[in-house]
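Step one of this worksheet: look at the structure below.
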Amino acid sequence: MTESNHLIPKSKFDFGAIQRLQQLDPQALIPILSELLVWLQDINWPVAIPMSKILLIVPNEIVPHVRNVLHTNDSEWIEWCLQYIVSFLPVALIRKLEPELQRIAYSPTKEEVEGESHLTAQELLQTLDNH
């Protein structure tokens, strides 16, 4: 068992893991960010929103992991990342995701249209235009 295994939720109700993550030095989150971001695949999971707040503790470091999600075909995960991570990032970090946001906003997949991710991406791009 690796040292970080006890930090990653074992189920959608694993609030013990959430509490352990909240007590960590932010730098300790960095090696497990991709495993933690998985918990935003369904925002209805009880650990999802608390997890999004934990991920925002290291905004610079979460951006590449969110970019990876934006390149998947999982339109729900994309939408939750846009709503619960990207929308809370500083403008300078949102700018780093601008190519992905442009693609979702103006050349969305059928699933992204159905999930309205294209609208969320358009709103985020509008935020960039206003700054």
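Table for the structure above
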| item | result |
| --- | --- |
| Residue within the stretch 123-131 that is assigned to a helix (DSSP H, G or I), touching a Ser or Thr at 6+ places or on another chain (Cβ under 6 Å) and either at pLDDT 95 or above or under 21 Å from Val38 (Cα atoms) (or both) present | no |
| Count of residues meeting criterion [closer than 20 Å to Ala92 by Cα and either touching a residue at least 24 places away in the same chain (Cβ under 8 Å) or in contact with a His (Cβ under 8 Å, 6 or more places away or on another chain) (or both)] in the stretch 34-53 | 1 |
| Counted residues, the stretch 79-107 - those being assigned to a loop (DSSP other than H, G, I, E, B) and either touching a strand residue (DSSP E or B) at 6+ places or on another chain (Cβ under 8 Å) or without any contact (Cβ under 8 Å) to a residue 12 or more places away in the chain (or both) | 1 |
| Matching option when the condition is surrounded by fewer than 16 Cβ atoms within 10 Å (Cβ to Cβ) and not small (Gly, Ala, Ser), among Val86, Val66, Val91 | Val91 |
| Scope the stretch 21-57; condition among the acidic types (Asp, Glu) and either out of contact with any helix residue (DSSP H, G or I) (no Cβ under 9 Å at 6 or more places or on another chain) or assigned to a helix (DSSP H, G or I) (or both); matching residues | Asp25, Glu35 |
| In the stretch 1-11, the residues that are out of contact with any helix residue (DSSP H, G or I) (no Cβ under 7 Å at 6 or more places or on another chain) and either surrounded by 13 or more Cβ atoms within 10 Å (Cβ to Cβ) or assigned to a helix (DSSP H, G or I) (or both) | Asn5 |
| Hits in the stretch 12-55 - residues which are surrounded by 14 or more Cβ atoms within 10 Å (Cβ to Cβ) and acidic (Asp, Glu) | Asp14, Glu35 |
| Single condition Ile18 does not satisfy, out of (1) assigned to a helix (DSSP H, G or I); (2) over 22 Å from Pro90 (Cα atoms); (3) out of contact with any helix residue (DSSP H, G or I) (no Cβ under 7 Å at 6 or more places or on another chain) | (3) |
| Selection within the stretch 1-49 - aromatic (Phe, Trp, Tyr) and more than 17 Å from the chain's Cα centre (by Cα) | Phe13, Phe15 |
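The values are calculated or read from the model by the stated rules, or taken from the named source; none is laboratory data. Note that this is a predicted model, so its numbers are computed, not measured. Here Cβ is always computed from backbone atoms with ideal geometry, including for glycine, and neighbour counts include all displayed protein chains.
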